[in-house]
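A short write-up of the structure that comes next.
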Ligand code: IPD
Ligand code: CA
Ligand code: CA
């Protein structure tokens with residue numbers, strides 16, 4: 001599929017920009033309290049958009065920093081040029097380029113690349129999910145007591161933070177193996193798809209954070225919804241991803257605390 005090839009190439013091009021700046025000097029500014037953006041985010045996004053535009057000049061692009069197409073566009077590319085900016089800004093090699101391609105609001109293909117490890121994930125609707133070319137499968141955990149759970153914290157430091165911490169406490173009450181907060185939502189979803197996390201949740205994410213990762217989860221046999229169990233909109237939303245088996249158990253906890 002040409003769109004997958006373009007997404008893979010664009011992700012590599014974005015990854016080269018990120019690698020050029022990683023652990024070097026770059027400008028950092030605040031978009032809002034605790035929400036950083038660097039030179040690398042902006043430059044990588046322009047480089048990615050140039051690859052997409054060259055191949056598909058009529059398609060729309062929704063990118064976190066500079067591309068604001070309507071999410072309802074018929075043929076839409078959803079780009080996070082640097083997912084995990086906080087990790088990147090602190091020299092932690094856990095960040096990603098995330099590119100999802102949608103038609104009529106439905107995911108068609110997606111690519112997530114961690115340039116620091118050269119790990120690349122991709123999925124095509126109906127054709128499966130892959131990590132470095134190997135087919136991905138979600139974990140077969142039957143109970144929370146067999147699982148590691150990933151979590152993300154939105155930038156809110158008040159009600160949503162408290163709700164997230166309350167959910168974590170309840171999850172520990174289910175004897176989970178542990179909680180991980182790695183700081184890159186697209187890679188968190190890749191870790192659900194790879195069977196490392198039995199589940200992952202975050203109370204607020206943007207479309208570019210999950211546009212590609214949601215297809216990885218679904219094509220690896222998992223389930224992804226809002227934290228209330230509704231179909232995921234291509235908009236700001238809460239997100240719950242799981243191996244499917246654990247979905248209702250995690251949902252009953254995270255939904256209870258959702259503000
Ligand atoms: C952030 C990361 C993080 C998640 C935040 C996102 P950014 O994306 O995915 O893991 O917890 O909610 O905003 O800002 O680094 O692209
Ligand atoms: Ca992001
Ligand atoms: Ca970003």
- Note on the structure: Taking a ≥ b ≥ c as the square roots of the eigenvalues of the Cα gyration tensor, with a/c under 1.5 meaning rounded and otherwise prolate when a/b exceeds b/c and oblate if not, segment 69-199 is prolate
- Note on the structure: Per the Kirkwood formula over distinct C-alpha pairs, the hydrodynamic radius of the chain in angstrom is 18.0
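How high is the FRET efficiency from residue 27 to residue 2, r the C-beta distance, R0 41 Å, rounded to 0.05?
Once rounded, the FRET efficiency stands at 0.70.
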- Task: Mind giving me the nanometre distance, one decimal, between the label points for residue 66 and residue 174, set 7 Å out from Cα along Cα→Cβ?
- Result: 4.3
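Of the DSSP beta bridges with both residues in segment 144-257, give the percent that are antiparallel, rounding to the nearest 5.
Taking every DSSP beta bridge with both residues in segment 144-257, the antiparallel ones total about 55 percent.
Do you know the relative contact order of segment 144-257, to the nearest whole percent, from alpha carbon pairs under 8 angstrom that are 6+ apart?
29
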- Taking the Cβ-Cβ separation of residue 143 and residue 94 as r and a Förster radius of 30 Å, what is the calculated FRET efficiency to the nearest 0.05? 0.60
- With only helices counted (DSSP H, runs n ≥ 4, each -39500 (n - 2.57)), the per-residue ellipticity at 222 nm for the chain, to the nearest 500, works out to -10500 deg cm²/dmol
- Task: Just check segment 144-257 against the gyration tensor rule for me: Cα atoms, a ≥ b ≥ c as the square roots of the eigenvalues, rounded for a/c under 1.5, and otherwise prolate or oblate depending on whether a/b exceeds b/c.
- Result: rounded
- Note on the structure: Relative contact order in percent for the chain (Cα pairs under 8 Å, 6+ apart) equals 17
- Using alpha-carbon positions, the gyration tensor of segment 2-135 gives root eigenvalues a ≥ b ≥ c; with a/c under 1.5 called rounded, otherwise prolate if a/b exceeds b/c, else oblate, the class is oblate
- Task: State, as an integer percentage, the relative contact order of segment 36-87 based on alpha-carbon contacts under 8 Å between residues 6 or more apart.
- Result: 42
- Degrees, to the nearest 10: 2-21 long Cα axis against longest axis of the chain: 90
- Could you give the angle, 0 to 90 degrees to the nearest 10, between helix 39-55's Cα long axis and the longest principal axis of the Cα atoms of the chain? 70
- Item | Angle in degrees between helix 247-257 and the longest Cα principal axis of the chain, rounded to the nearest 10 | 90
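No value in this document is a laboratory result; all are computed from the given coordinates. Source: prediction; values computed, not measured. Here the Cβ is made from the backbone with ideal geometry for all residues, glycine too, and neighbour counts use every protein chain on show.
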